[in-house]
Amino acid sequence: HHTSPAPPAQCEVKHSVYVYKCENSVLQVKGKVNKITVDACKKFSIVCNTVVAGIEVIDGNGVKVQLTGAVKQIQVDKCSGTQLIMNEESLDAEIISAKCDSLNVIVPAKSADEDYKEHAIPEQFVSTYDAATGKYSTVSMAHAASLSVAKTPKYFISFPYSAGIGTCACHGFVF
């Protein structure tokens, strides 16, 4: 029989929170912390205040992250059915996702009469080759009813045609 020590009543900025293989539970992190990592959790919710270095969700299924303070970056890798519930202070956060499906970001209403608004993060991308420049460009794909419309990308990742296999460092990921 193993018991875990009780968590501190208030976290400090020097603390990092690591949550591993939690299921059907909710965790509230009070106070400002350095980093939060949620790893291999299912049907898990976390409510957190300010996070200095960022939040990382890895290999999750049905994870919800609710922010009550500021965060600058959220990384979501190999997850399904993730919800990020933002507040006013966290709207400028950079969201980086890889190998995810059903990733939705919920943002606060602009006025008291409106509801929160949900935004789906794209799961599909279209890459096309431009013979004139000898480069590929990639844009996210948005689906509207039965029509598909390519959106203007925020970042272009391009490789010279002669390179064969290219390397491009983009926000910590190597393609």
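The values are calculated or read from the model by the stated rules, or taken from the named source; none is laboratory data. What you see is a predicted model; the values in this text were computed from it and never measured. All Cβ positions, glycine included, derive from the backbone under ideal geometry; neighbour counts span all protein chains shown. The protein model used for the area step is the full one, side chains on, heavy atoms only, and it has no ligands, DNA or RNA in it. Shrake-Rupley method; radii C 1.70, N 1.55, O 1.52, S 1.80 Å.
Using 1/(1 + (r/R0)^6) with R0 = 25 angstrom and r between the beta carbons of GLU89 and ILE58, what's the FRET efficiency to the nearest 0.05? Intermediate values should be presented prior to the final figure.
Numbers: r = 24 Å, r/R0 = 0.96.
With R0 = 25 Å, the Cβ-Cβ based efficiency is 0.55.
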| query | Going by accessible area, probe 1.4 Å, with all protein chains left in place, what is the ranking of ILE58, ILE96, largest first? | reply | ILE58, ILE96
| Across region 108-118, in residue order, what do the Karplus-derived ³J(HN,Hα) couplings come to in whole Hz, using 6.51 cos²θ - 1.76 cosθ + 1.60 with θ = phi - 60° and x for Gly and Pro? | x, 5, 6, 9, 5, 7, 9, 8, 4, 10, 9
| query | Considering only DSSP beta bridges whose two residues both sit in region 1-125, what percent are antiparallel, to the nearest 5? | reply | 10 percent
| note | Looks like region 75-133, by Cα gyration tensor root eigenvalues a ≥ b ≥ c and the a/c under 1.5 rounded cutoff (else prolate when a/b is bigger than b/c, oblate otherwise), is prolate
| task | Quickly work out the VAL126-to-GLN10 label distance, labels modelled 7 Å from Cα along the C-beta direction, and quote it in nm with one decimal. | result | 5.3 nm
| query | If each Cα of region 1-121 is one equal point scatterer, what is log10 of I(q)/I(0) from the Debye formula at q = 0.09, 0.16 Å⁻¹? | reply | -0.24, -0.73
